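Taking it in order: structure first as structure tokens, then the write-up.
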Amino acid sequence: MEKAEPTPKPVTGGPQAQPRLLSLDALRGFDMMWIVGADALGSALSGFRGGPVARFAAAQLDHVPWSGIRFYDTIFPLFVFMVGVAIPFSLDRMVASGSRAEALRRIARRTVLLFLLGIFYYGGLATELSQIRLLGVLQRIALCYCASSLLYLWLPRRGIVAAAVALLVGYWALMTFVPVPGFGAGDFREGHNLANWIDSRWLPLRKWDGDHDPEGILSTLPAIASCLIGVLAGRLLRDPSRGGRSKVALLSAAGCALMAAGFLWGLQFPIIKKVWSSSFVLVAGGWSVLLLAAFYLVADVWKRRRWLMPFAWLGSNALTIYIVSNIVDFGRLSERFAGGAVAAFLNGLWPGLGGLVLAVASVVLCMLLCGFLYRRKIFLRL
């Protein structure tokens, strides 16, 4: 997981960090805020007496049951997209110096370590063999990073575009025309589609949704396309021939075009996160590009950075806080500051307010931890 941003900061006990792009770290931190806090915030909002606005916000912080898209469904693809954005920043120097072998070693090392961290995150060897989850969030990021980095090393921009299109169209063709035993071809319902069928037959050990997995085997292919969209955005940001406002305009136009194409494609190939449908890739990718354009405009064109710094703290140690949040219960920790009588008092003022404050407090604690690490120039990298 490579970062890119202002301020060359040394990693404690490691080599000198790469120059960083503040907008990318801030956007990554914005995403991490929802990764570590969306469940608690959504639960708190569901009990908050706030009328239709609160109900709408709570619904947006929960996944759709199957087809469709909400804000919560865009959080993971946004992170995959940002992994792609960072690839040109991490590999260009090696490519320019002709150190392709060193780049390959870096890609292999990061892929293996991230994949193993994914297994550790879901329990590692603490459970019986059948409960080990081979494919999960970090494992998908590892596979997308590996494939996209290799394609970036060997393909020009048009080749990367062609690869992304081939992955999306090829996945659509497989899901649409290859018959599934007992259900036929083109049935996209849960348990009836090709991606779920392949997982049930060929994915060993624990599967998140019974006999199939939302980070399964076949759906990794379109997820790589999500990462390649990020690679193309990263190449644009690295282009010295274009000014900042021109980059923002191009990113904004591309984001709108991707979302429009995705919703149109969704009329035939539904937008389904759990199989990472091609239409889902385009809609989520378009949204990700638009967010990058907004953060880049504020941080790197307008240079208004102060309010982004808490996000940059989170984004600079995204992997750290993701692993730590699996071990440390920030929700329970927040109760020590705003629980008990404080929460009861707040609930007395407004029903549900105490739970909402606790949820916000847990996110703030995550940010403060990352701010502490940031100020001491401590970053966990692979």
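The values are calculated or read from the model by the stated rules, or taken from the named source; none is laboratory data. Nothing here was measured: the structure is a model prediction, and the numbers come from that model. A quick note on method: Cβ atoms are made from the backbone with ideal geometry, for glycine too, and the neighbour counts reach across all protein chains shown.
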* **Number of the condition not met by L113 [criteria: (1) within 18 Å of L291 (Cβ to Cβ); (2) in a helix (DSSP H, G or I); (3) at pLDDT 95 or above]** => (1)
* Asked: Hey, F379 hits all of (1) part of a helix (DSSP H, G or I); (2) buried (at least 18 other Cβ atoms within 10 Å of the Cβ); (3) under 21 Å from the mean Cα position of the chain (by Cα) but one; which does it fall short on?
  -> (1)
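Surrounded by fewer than 20 Cβ atoms within 10 Å (Cβ to Cβ), in contact (Cβ under 8 Å) with a residue 40 or more places away in the chain and either farther than 20 Å from I141 by Cβ or over 16 Å from the mean Cα position of the chain (by Cα) (or both), is that true of S278? Give the derivation first.
Values: surrounded by fewer than 20 Cβ atoms within 10 Å (Cβ to Cβ): no; in contact (Cβ under 8 Å) with a residue 40 or more places away in the chain: yes; either farther than 20 Å from I141 by Cβ or over 16 Å from the mean Cα position of the chain (by Cα) (or both): yes.
Against the criterion (surrounded by fewer than 20 Cβ atoms within 10 Å (Cβ to Cβ), in contact (Cβ under 8 Å) with a residue 40 or more places away in the chain and either farther than 20 Å from I141 by Cβ or over 16 Å from the mean Cα position of the chain (by Cα) (or both)), S278 does not qualify.
Which of the residues spanning the stretch 188-202 are farther than 16 Å from F177 by Cβ and either part of a loop (DSSP other than H, G, I, E, B) or more than 24 Å from the chain's Cα centre (by Cα) (or both)?
Step one: list which residues in the stretch 188-202 are farther than 16 Å from F177 by Cβ, which gives 189-191, 196, 199-202.
Answer for the stretch 188-202, where residues must be farther than 16 Å from F177 by Cβ and either part of a loop (DSSP other than H, G, I, E, B) or more than 24 Å from the chain's Cα centre (by Cα) (or both): R189, E190, G191, S200, R201, W202.
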* Would you pick out the residues in the stretch 64-93 that are in contact with a Lys or Arg (Cβ under 8 Å, 6 or more places away or on another chain) and surrounded by fewer than 18 Cβ atoms within 10 Å (Cβ to Cβ)? -> V64, W66, D92
* Asked: Among F295, F269, F263, which is the only one that is in a loop (DSSP other than H, G, I, E, B) and hydrophobic (A, V, I, L, M, F, W, C)?
  -> F269
* To do: Would you tally the residues in the stretch 77-128 being among the hydrophobic types (A, V, I, L, M, F, W, C), within 30 Å of S277 (Cα to Cα) and more than 17 Å from the chain's Cα centre (by Cα)?
  => 10
* Tally time: how many residues in the stretch 219-250 are closer than 17 Å to P77 by Cα and in a helix (DSSP H, G or I)? -> 15
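Would you mention how many residues in the stretch 46-63 are at pLDDT below 90 and either among the aromatic types (F, W, Y) or buried (at least 19 other Cβ atoms within 10 Å of the Cβ) (or both)?
Going through the stretch 46-63, the residues at pLDDT below 90 turn out to be 46-55.
Among the residues that remain, those that are also either among the aromatic types (F, W, Y) or buried (at least 19 other Cβ atoms within 10 Å of the Cβ) (or both) are: 48.
Final tally of qualifying residues: 1.
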